[in-house]
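Note sheet for the following structure.
The values are calculated or read from the model by the stated rules, or taken from the named source; none is laboratory data. Bear in mind that the values here come from a model prediction, so they are computed numbers and not experimental data. Cβ placement follows ideal geometry from the backbone for every residue including glycine, while neighbour counts extend to all protein chains displayed.
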Amino acid sequence: MTSGMKNIVILISGAGSNMQAIAKAAEQERWAKTLSARIACVISNKPQAPGLAAARDLGIATQIVDHQQYASREHFDAALQLAIDACQPHLVVLAGFMRILTPGFVAHYEGRLVNIHPSLLPAFAGLNTYQRALDAGCKVAGATVHRVTADLDHGPIIAQAVVPVMPQDTARMLAARILVQEHLMYPKAVRALLSD
């Protein structure tokens with residue numbers, strides 16, 4: 001372990017496109033030099049998550065903590081916490097990590113745990129955010145980077161990106177445009193947190 005290095009642990013469940021955006025920003029902006037920060041590990045709860053291969057291709061250590069191997073949410077979170085703590089994280093970044101975390105886990109990482117959510121919180125917490133925004137007739141949608149608290153998708157807001165809703169939008173079209181903004185916003189938000 002590099003002394004004085006701010007370790008980032010990123011949790012994913014799928015393709016990890018936000019993880020890749022953060023990793024590319026870290027490399028291009030030379031966070032190791034400029035912020036004394038590095039991505040120490042990418043951890044997935046799904047062994048088949050495509051993001052694991054993407055992380056390895058970027059030279060980042062990976063780990064799997066398969067939630068299906070644990071009898072309860074608490075047992076899974078305890079195992080995940082052990083894996084994360086082994087990396088001595090300065091920041092734990094949720095990037096498409098599709099698990100609801102237990103209050104004890106959230107409390108353990110208080111002030112160090114951040115998430116990105118595909119809506120303009122506090123609107124549309126939870127799932128199916130794009131379709132819900134369309135169904136509600138929203139003129140704008142977007143994404144929010146926020147601190148994680150025990151209250152799902154309701155932690156203090158760090159950054160938001162606003163995307164106009166077009167008349168012809170489907171949920172998939174809206175999702176694609178929001179994702180472009182997520183990839184710009186999330187690395188900036190993480191960098192700002194590391195700079196604090």
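Things to note:
- Tabulated pairs, segment 177-195, first under 12 Å from residue 118 (Cα atoms), second in a helix (DSSP H, G or I), C-beta under 7 angstrom, 6+ apart or interchain: 179/17; 182/18; 183/17; 183/18; 183/21; 186/18; 186/21; 186/22
- Flag for residue 78 being out of contact with any strand residue (DSSP E or B) (no Cβ under 9 Å at 6 or more places or on another chain), among the aliphatic types (A, V, I, L, M), closer than 25 Å to residue 191 by Cβ and surrounded by 14 or more Cβ atoms within 10 Å (Cβ to Cβ): no
- Filter result for residue 81 (in contact with a helix residue (DSSP H, G or I) (Cβ under 9 Å, 6 or more places away or on another chain) and either of a type in the set (Lys, Arg) or under 24 Å from residue 46 (Cα atoms) (or both)): yes
- In segment 1-19, residue modelled with the lowest pLDDT [restricted to those that are over 25 Å from residue 76 (Cβ atoms) and not aliphatic (A, V, I, L, M)]: 2
- Here residue 5 meets the list (1) touching a strand residue (DSSP E or B) at 6+ places or on another chain (Cβ under 9 Å); (2) touching a residue at least 24 places away in the same chain (Cβ under 8 Å); (3) buried (at least 18 other Cβ atoms within 10 Å of the Cβ) almost entirely, failing just condition (3).
- Some residue of segment 147-159 being more than 26 Å from residue 102 (Cα to Cα), at pLDDT 95 or above and aliphatic (A, V, I, L, M): no
- Members of segment 128-147 found to be within 19 Å of residue 183 (Cα to Cα) and free of Cβ contacts under 8 Å to residues at least 40 places away in the same chain, listed by number: 129, 140, 141, 142, 144, 146, 147
- In summary, strands (runs of 3 or more DSSP E) completely within segment 93-196 and bearing 2 or more residues that are farther than 26 Å from residue 76 by Cβ occur at 140-147, 157-164.
- The residue pairs whose first member lies in segment 34-46 and is under 13 Å from residue 4 (Cβ atoms) and at pLDDT below 95, whose second member is among the charged types (D, E, K, R) and part of a loop (DSSP other than H, G, I, E, B), and whose beta carbons are closer than 8 Å, counting only pairs six or more residues apart or on different chains, do not exist in this structure.
- Verdict on residue 96 being under 15 Å from the mean Cα position of the chain (by Cα), on the phi > 0 side of the Ramachandran plot and touching a residue at least 40 places away in the same chain (Cβ under 8 Å): yes
- Single residue of segment 100-119 satisfying the filter (surrounded by fewer than 21 Cβ atoms within 10 Å (Cβ to Cβ) and under 20 Å from residue 190 (Cβ atoms)) that is nearest to the chain's Cα centre (by Cα): 112
- Top-ranked residue in segment 148-176 [being touching a strand residue (DSSP E or B) at 6+ places or on another chain (Cβ under 7 Å) and touching a residue at least 40 places away in the same chain (Cβ under 8 Å); ranked as farthest from residue 24 (Cα to Cα)]: 155
- Of all the residues in segment 94-103, those that are of a type outside the set (Val, Ile, Thr) and closer than 12 Å to residue 151 by Cα number 2.
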